[in-house]
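As structure tokens, the structure follows; a few thoughts come after it.
What follows is calculated from the coordinates using simple rules that are stated; it is not laboratory data. Source: prediction; values computed, not measured. All Cβ positions, even for glycine, are placed from backbone atoms using ideal geometry, and neighbour counts span all protein chains on display.
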Amino acid sequence: MQMTKAQVLAWLKALAAEYKARKEYLTELDAAIGDADHGINMDRGFGKVLEKLPAMEAKDVGAILKDTGMTLLSSVGGASGPLYGTFFMKAGMALAGKEELDEAAVKTLLETGVEGIVSRGRPVLEDKTMYDVWKPAVDAYNSAVDGGAQLDAALDAAVAAAEKGVEATIPLQARKGRASYLGERSIGHKDPGAASSHMMLVALRQSLGG
Ligand SMILES: Nc1ncnc2c1ncn2[C@@H]1O[C@H](COP(=O)(O)OP(=O)(O)OP(=O)(O)O)[C@@H](O)[C@H]1O
Ligand SMILES: [Mg+2]
């Protein structure tokens with residue numbers, strides 16, 4: 001099964017719409033344990049990506065993802081700009097020249113992107129960050145594909161793991177980023193970056209259709 005370039009473009013468009021619609025929600029999550037800017041950051045970043053999409057459309061999937069990363073790096077401040085920017089830049093560089101993505105290529109996208117997040121933020125599991133969504137999602141995707149699953153089923157598995165991951169951030173005490181300054185008071189709140197990462201995976205699955 002393949003994810004076409006049109007579906008990758010549809011993913012990025014859907015993300016711009018989703019972060020616009022969920023701007024207040026993400027900002028409320030960040031108001032509880034951060035500085036109330038996460039929804040604003042995501043909406044601004046993907047709004048810029050949306051503006052640039054017409055100029056990207058003729059490029060290959062790798063170049064589209066790399067341009068997306070550069071746009072996020074230059075338009076989103078805070079912690080999440082460099083983290084998501086690096087995710088898309090690294091994934092794009094690893095997929096240079098691709099016009100569509102099969103199971104192995106989506107594995108490369110997710111793994112390389114998450115390596116980018118790790119190299120930037122040095123998160124470990126249970127730090128209460130977006131990594132608590134990405135790590136189980138990538139693991140679930142990989143075991144599904146290794147077991148012979150097609151792209152749609154493997155992404156279903158990734159989304160299910162991401163859903164659990166985002167909920168699992170609630171009882172954790174933050175050890176990275178602004179929320180860590182709160183110490184024990186960060187317990188009992190959902191991590192905003194974990195929530196926006198879950199949305200990213202849901203939109204990726206939906207862009208495939210079916
Ligand atoms: N070191 C890190 N590694 C991985 N993810 C991180 C790290 N630090 C923060 N995050 C993620 O980034 C999210 C915060 O993103 P946001 O856009 O609100 O940036 P910010 O913390 O306000 O940045 P700044 O403090 O620089 O203004 C957190 O919810 C968390 O998921
Ligand atoms: Mg913030």
> Of the GluC sites (Glu not before Pro) in the stretch 15-61, which ones lie in a loop per DSSP and count no more than 12 other C-beta atoms within 10 Å?
Replying inline: Glu57
> What ranking do Leu208, Leu182 get, fewest neighbouring Cβ atoms within 10 angstrom at the top?
Replying inline: Leu182, Leu208
>> Give me, ordered by chain and number, the residues 5 or more places off Met3 or on other chains with an amide H under 5 Å from its own placed amide H.
In response: Leu101, Asp102
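Based only on other Cβ atoms within 10 Å, what is the fewest-to-most ordering of Thr86, Thr169? Don't skip to the end; give the middle numbers.
Working: Thr86 21, Thr169 28.
Listed from fewest to most nearby Cβ atoms, that is Thr86, Thr169.
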>> With the crude spin-label approximation of a point 7 Å out along Cα→Cβ, what separation in nm comes out for Ala160 versus Gln206?
In response: 2.0
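As a footprinting exposure proxy, order Trp134, Trp11 by other Cβ within 10 Å, with the fewest listed first.
Working: Trp134 29, Trp11 20.
So the residues, fewest neighbours to most, are Trp11, Trp134.
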>> I need two numbers for the chain: Rg to one decimal and Dmax as a whole number, Cα atoms only, in Å.
In response: 15.9, 49
> Once you sort the root eigenvalues of the Cα gyration tensor of the stretch 81-158 as a ≥ b ≥ c, which label holds: rounded (a/c under 1.5), prolate (a/b larger than b/c) or oblate (the other case)?
Replying inline: oblate
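What is the extension gain from Met1 to Glu126, computed as 0.36 nm multiplied by their sequence separation minus the C-alpha to C-alpha distance, in nm to one decimal?
Details: separation 125, 0.36 × 125 = 45.00 nm, distance 3.34 nm.
Length difference between fully extended and current span is 41.7 nm.
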> Tell me, what ³J(HN,Hα) does each residue in the stretch 105-115 have, in order and in whole Hz, if you take phi through Karplus 6.51 cos²θ - 1.76 cosθ + 1.60 with θ = phi - 60° and put x for Gly and Pro?
Replying inline: 6, 5, 4, 4, 4, 5, 5, 5, x, 5, 4
> For the stretch 129-145, in order, what is each residue's ³J(HN,Hα) by Karplus, 6.51 cos²θ - 1.76 cosθ + 1.60 with θ = phi - 60°, in whole Hz (x at glycine and Pro)?
Replying inline: 9, 4, 5, 5, 9, 5, 4, x, 5, 5, 4, 5, 4, 5, 5, 5, 5
> Between the stretch 109-132 and the stretch 179-210, what is the C-alpha centre distance in whole Å?
Replying inline: 12
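Contour minus end-to-end for Glu184 and Ser119, with contour as 0.36 nm per residue of separation and end-to-end as the Cα-Cα distance? Provide the component values of the computation, followed by the final result.
Working: separation 65, 0.36 × 65 = 23.40 nm, distance 2.64 nm.
Length gained, Glu184 through Ser119: 20.8 nm.
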